[in-house]
Amino acid sequence: MTEGSLITDVRELSSRASVIDFKGDVTASSEKALADAYTRASGKFTRTIVLNFSGLEYMNSGGIGMLVTLLVRANRQRQRLVAFGLNEHYRQIFELTRLDEAIGIFDTEAEAFAEADAP
């Protein structure tokens, strides 16, 4: 799905975990694309949503706000968010905003999937 300059794709890893792949920019104008991707990623038994940032080109404070909104939705559904593919700059932003305390950060999809598939 495309919204502004963000393209999202949703993949099912297992019955309990899905991946949202990001390509492009995550900004305040990404709200609809993020909400739609989250809805597609959230199945009846989904417990973990994996965010793939390896295609991320740019994220600003509005995009961070959109991720917080996604986190609130996931928490309400008793789901957790984990992420991989963040470059060093965005890892630092996650640390500064303390998002890394709420969203597990991993280096690779395999590591994120191992966490996502854990009971």
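Values quoted throughout were computed directly from the atomic coordinates according to the rules given, and no laboratory measurement underlies them. None of these values were measured; they are calculated from a predicted model. Note that each Cβ is placed from the backbone with ideal geometry, even for glycine, and that neighbours are counted across all protein chains shown.
Once the range 3-24 is narrowed to residues that are over 20 Å from residue 43 (Cβ atoms) and out of contact with any Leu (no Cβ under 6 Å at 6 or more places or on another chain), the residue that is surrounded by the most Cβ atoms within 10 Å (Cβ to Cβ) is 6. Identify all residues within the range 53-70 that are in a helix (DSSP H, G or I) and surrounded by 20 or more Cβ atoms within 10 Å (Cβ to Cβ); write none if there are none. Passing the criteria: 63, 66, 67, 70. For the range 25-52, residues that are surrounded by fewer than 22 Cβ atoms within 10 Å (Cβ to Cβ), within 12 Å of the chain's Cα centre (by Cα) and within 19 Å of residue 91 (Cβ to Cβ) total 1.
Table: residues versus (1) free of Cβ contacts under 8 Å to residues at least 40 places away in the same chain; (2) within 20 Å of residue 108 (Cα to Cα); (3) touching a Ser or Thr at 6+ places or on another chain (Cβ under 6 Å).
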{"position": "6", "(1), (2), (3)": "yes, no, yes"}
{"position": "17", "(1), (2), (3)": "no, yes, yes"}
{"position": "32", "(1), (2), (3)": "yes, no, no"}
{"position": "41", "(1), (2), (3)": "yes, yes, yes"}
{"position": "51", "(1), (2), (3)": "no, yes, no"}
{"position": "60", "(1), (2), (3)": "yes, no, yes"}
{"position": "78", "(1), (2), (3)": "yes, no, no"}
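Summed over the range 80-119, the residues that are touching a residue at least 24 places away in the same chain (Cβ under 8 Å) and of a type outside the set (Asp, Glu) give a count of 20. Of all residues in the range 82-119, those that are among the hydrophobic types (A, V, I, L, M, F, W, C), part of a helix (DSSP H, G or I) and under 17 Å from residue 66 (Cα atoms) total 4. Please indicate, with yes or no, whether at least one residue in the range 71-80 is surrounded by 20 or more Cβ atoms within 10 Å (Cβ to Cβ), small (Gly, Ala, Ser) and in a strand (DSSP E or B). Among the residues of the range 71-80, not one is surrounded by 20 or more Cβ atoms within 10 Å (Cβ to Cβ), small (Gly, Ala, Ser) and in a strand (DSSP E or B), which makes the answer no.
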